[in-house]
Amino acid sequence: MRTFALRIAALAALFCGQPFQPEALAWHDKTHLSVAEAAGFELWYSAAAPDVAKSKEMFEPFEKPNHFFNNTANKPVTPDMVMKQAGSYNKPCDEEGHIYGAIIGSVREYQTASKTGKYANYPLVFCAHYCGDLSMPLHNTTYDDFNKERHSVNDGIIENSVRGNIAKIQSMMTPPVIQSEADLVKEIAAIAESARLLGLKMRQENRNMTPEEAYTQVARSASLLKAILAWSEKPTAVVTK
Ligand SMILES: [Zn+2]
């Protein structure tokens with residue numbers, strides 16, 4: 001097993017050929033759990049697990065680019081741009097990242113697994129996490145000095161209040177209807193673009209997100225996840241908070 005792990009690590013280093021960018025985090029754990037719980041995902045308590053997987057050195061080159069898209073060219077996010085990432089899920093060492101493709105890829109994995117009768121909930125755990133990261137402004141804008149300096153504090157803007165505010169997130173949710181991959185792609189583009197524009201505004205005004213802006217963003221993530229769950233015909237847990 002150890003030999004296998006070393007081989008994967010060596011392979012990843014070979015693929016990358018250069019050191020990876022410094023740690024880019026994500027919404028902190030409780031924020032991720034709350035997005036998934038507000039959406040009614042039965043495995044909401046696992047929604048931070050993809051960050052745990054990412055922290056393991058041997059998995060990092062493959063998992064990390066699934067959590068962001070730096071949009072270095074600062075282009076408006078369109079369905080075409082989202083679709084271009086569709087084949088990139090788990091592609092190692094992609095420094096610009098491919099979170100849009102990761103959402104599509106994890107949904108496809110779920111669909112394939114459920115069709116063949118396999119346990120399909122774990123791909124949805126990854127999907128729930130990526131839906132969370134999707135609304136984070138600094139996961140949708142270039143990894144510049146502003147992003148590096150302010151990333152962690154913005155990841156944690158609502159971390160201390162969010163577990164008591166599931167109902168607040170739910171009251172702000174407007175889940176779209178998703179009935180096809182094209183619908184999914186359109187919704188991913190819309191949320192990513194809202195996050196990109198907020199990221200630009202934060203830079204122009206040289207400030208962090210406000211808690212209300214953060215709640216608006218995570219409600220968008222929860223809405224998307226709820227729509228994906230409905231499309232996937234997953235039984236959703238009743239939230240009693
Ligand atoms: Zn993440």
Quick check on Ala182: is it more than 20 Å from the chain's Cα centre (by Cα), among the aliphatic types (A, V, I, L, M), surrounded by fewer than 21 Cβ atoms within 10 Å (Cβ to Cβ) and at pLDDT 95 or above? no
**Request:** For the range 50-72, indicate whether the set of residues that are assigned to a helix (DSSP H, G or I), under 25 Å from Lys186 (Cβ atoms) and among the hydrophobic types (A, V, I, L, M, F, W, C) is non-empty.
**Result:** no
**Prompt:** Got at least one residue in the range 94-109 being modelled with pLDDT of 95 or more, in a helix (DSSP H, G or I), among the aromatic types (Phe, Trp, Tyr) and at negative phi?
**Reply:** yes
Flagged in the range 84-96 as crowded, with 18+ Cβ neighbours inside 10 Å and touching a residue at least 60 places away in the same chain (Cβ under 8 Å), in numbering order, are Pro92
Restricting the range 152-168 to residues that are in a helix (DSSP H, G or I) and more than 17 Å from the chain's Cα centre (by Cα), the one nearest to Thr142 (Cα to Cα) turns out to be Val153
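With charged (D, E, K, R) and either at positive phi or modelled with pLDDT under 95 (or both) as the only criterion, which of Lys75, Lys84, Lys54 stands out?
Lys54
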Condition set part of a loop (DSSP other than H, G, I, E, B) and either open to solvent by 50 Å² or more (accessible area, probe 1.4 Å) or acidic (Asp, Glu) (or both), scope the range 114-151, selection nearest to the ligand (Cβ to nearest atom): answer is Asp144
Of the residues in the range 73-83, those that are buried (at least 18 other Cβ atoms within 10 Å of the Cβ) and in a loop (DSSP other than H, G, I, E, B) come to Val77
Of the residues in the range 36-49 that are assigned to a helix (DSSP H, G or I) and open to solvent by less than 10 Å² (accessible area, probe 1.4 Å), the one that is nearest to the ligand (Cβ to nearest atom) is Ala36
Cβ pairs under 7 Å, 6+ apart or interchain, first in the range 120-143 and free of Cβ contacts under 8 Å to residues at least 24 places away in the same chain and farther than 26 Å from Asn74 by Cα, second open to solvent by less than 10 Å² (accessible area, probe 1.4 Å) and outside any loop (DSSP other than H, G, I, E, B), ordered by first then second residue, are Pro123/Ser106
Only unsatisfied item for Phe68, checking (1) within 23 Å of Glu193 (Cα to Cα); (2) among the aromatic types (Phe, Trp, Tyr); (3) modelled with pLDDT under 95, is (3)
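The values are calculated or read from the model by the stated rules, or taken from the named source; none is laboratory data. Bear in mind that the values here come from a model prediction, so they are computed numbers and not experimental data. Using ideal geometry, Cβ is built from the backbone for each residue, glycine included, and neighbour counts are taken over all protein chains shown. Side chains included, ligands, DNA and RNA excluded: accessible areas come from the protein's heavy atoms. Shrake-Rupley method; radii C 1.70, N 1.55, O 1.52, S 1.80 Å.
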